[in-house]
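Contents: one structure, followed by commentary.
The values are calculated or read from the model by the stated rules, or taken from the named source; none is laboratory data. What you see is a predicted model; the values in this text were computed from it and never measured. Positions of Cβ are generated from backbone atoms using ideal geometry, with glycine treated the same way; all protein chains shown enter the neighbour counts. Each accessible area value is taken on the protein alone, full model and side chains, heavy atoms only, with ligands, DNA and RNA left out. Shrake-Rupley method; radii C 1.70, N 1.55, O 1.52, S 1.80 Å.
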Amino acid sequence: NAGVTQTPKFRVLKTGQSMTLLCAQDMNHEYMYWYRQDPGMGLRLIHYSVGEGTTAKGEVPDGYNVSRLKKQNFLLGLESAAPSQTSVYFCASTKRGSNQPQHFGDGTRLSIL
Amino acid sequence: EDQVTQSPEALRLQEGESSSLNCSYTVSGLRGLFWYRQDPGKGPEFLFTLYSAGEEKEKERLKATLTKKESFLHITAPKPEDSATYLCAVQAANTGFQKLVFGTGTRLLVSP
């Protein structure tokens, strides 16, 4: 039972480069989320999806795009990476319904030079 | 605006020395309060959900309690393996996508 799997685990980019982070879940969850975690700031929501083909902005969406073409996958894209996007990125998923806990992957550590 | 404040930021205990972590919150109607554990280099791991004031939940050496303004995570006779960052999050009743608002966490270090 893999749960939520994120790839890659680590990545170093140069300013202006682009990349895509992949999140896959095998729990048949409807809702998926992308967060970033920075020291002293807690987890902040970037984008989320309530179902296949639907996405929406969270608290800090600027500079990121997402896609949910398949129910089990949620992709986070950085079109033109900036040093301010250096962070640890977490994907989470949950079953639709009140009070369901979100289940997290182990994160992608991204450095932008 | 929904907010979560956790204290202390860091806590160092000796093995067996019991203590409590605090999570204060303001939310427009609480649907649920969640506790997570996060180990270094890992994602948050779900521990408990509390729904209403007066509710308590236990798991091994951990007990979570809830009032109308705060939650406590009590750690009884901790062991070194309890060392981790503990995160608190709230879900408001008016959220349509089960949004969680997280605190910044308490880093717990338990020394042998």
Taking the alpha-carbon centre of each part, the distance from segment B:39-107 to segment B:1-23 in Å is 10
Which whole-Hz ³J(HN,Hα) couplings does segment A:33-44 yield from phi under the Karplus relation 6.51 cos²θ - 1.76 cosθ + 1.60, θ = phi - 60°, glycine and proline marked x? 9, 10, 10, 10, 10, 10, x, x, 10, x, 7, 10
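Suppose every Lys and Arg Cβ carries +1 and every Asp and Glu Cβ carries -1, with no other charges. What dipole size does segment B:30-112 come out with about its Cα centre, to the nearest 20 debye?
200
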Among B:Phe34, B:Phe46, B:Phe97, which one shows the highest mean-square fluctuation when chain B is modelled as a Gaussian network with alpha-carbon springs under 10 Å? B:Phe97
Where both partners of a DSSP beta bridge lie in chain B, what percent of those bridges are antiparallel, to the nearest 5? 90
Cα atoms only, the protein assembly as shown: Rg and Dmax in Å? 17.6, 51
Using only protein heavy atoms and a 1.4 Å probe, report how much of B:Ser18 is accessible, in Å² to the nearest 10. 70
Shape of segment B:27-81, Cα gyration tensor, a/c cut at 1.5: oblate
If you plug each phi of segment B:65-81 into the Karplus form 6.51 cos²θ - 1.76 cosθ + 1.60 with θ = phi - 60°, what whole-Hz ³J(HN,Hα) values come out, in order, with x for Gly and Pro? 10, 9, 10, 6, 10, 7, 10, 10, 10, 8, 10, 9, 6, x, 10, x, 6
Exercise: per-residue mean of other protein chain Cβ atoms within 10 Å, B:94-103: 6
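At most 12 other Cβ atoms within 10 Å and a DSSP loop assignment: could you name the GluC sites (Glu not before Pro) in segment B:37-92 that fit?
Numbers: sites: B:Glu45, B:Glu55, B:Glu56, B:Glu58, B:Glu60, B:Glu70, B:Glu81; in loops: B:Glu55, B:Glu60.
For GluC sites (Glu not before Pro) across segment B:37-92 that sit outside H, G, I, E and B with at most 12 neighbouring Cβ atoms in 10 Å, the list reads B:Glu60.
Quote the FRET efficiency, to the nearest 0.05, computed for B:Ala10 versus B:Ala93 with a Förster distance R0 of 25 Å and r equal to the Cβ-Cβ distance.
Working: r = 32 Å, r/R0 = 1.28.
Calculated transfer efficiency: 0.20.
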Any idea what the dipole of the protein assembly as shown comes to, in debye rounded to 20, about its Cα centre with Lys/Arg Cβ at +1 and Asp/Glu Cβ at -1? 420
Gaussian network model of chain B, Cα within-10 Å springs - most flexible of B:Gln91, B:Gln14, B:Gln38: B:Gln14
Karplus couplings for segment B:31-47 from phi (6.51 cos²θ - 1.76 cosθ + 1.60, θ = phi - 60°), rounded to Hz, Gly and Pro as x? 8, x, 10, 10, 10, 10, 10, 10, 8, x, x, 10, x, x, 10, 5, 10
Once normalised by the length of chain B, the mean sequence separation of its alpha carbon contacts under 8 Å that are 6 or more apart gives a contact order in percent of 37
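For segment A:10-113, which trypsin sites (Lys or Arg not before Pro) are in a loop by DSSP, counting at most 12 other Cβ atoms within 10 Å?
Details: sites: A:Arg11, A:Lys14, A:Arg36, A:Arg44, A:Lys57, A:Arg68, A:Lys70, A:Lys71, A:Lys95, A:Arg96, A:Arg109; in loops: A:Lys14, A:Arg68, A:Lys70, A:Lys71, A:Lys95, A:Arg96.
Qualifying residues, ordered by number: A:Lys14, A:Lys70, A:Arg96.
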Could you list the GluC sites (Glu not before Pro) in segment A:1-102 that lie in coil according to DSSP, counting only those with at most 15 other Cβ atoms within 10 Å of their Cβ? A:Glu52, A:Glu59, A:Glu79
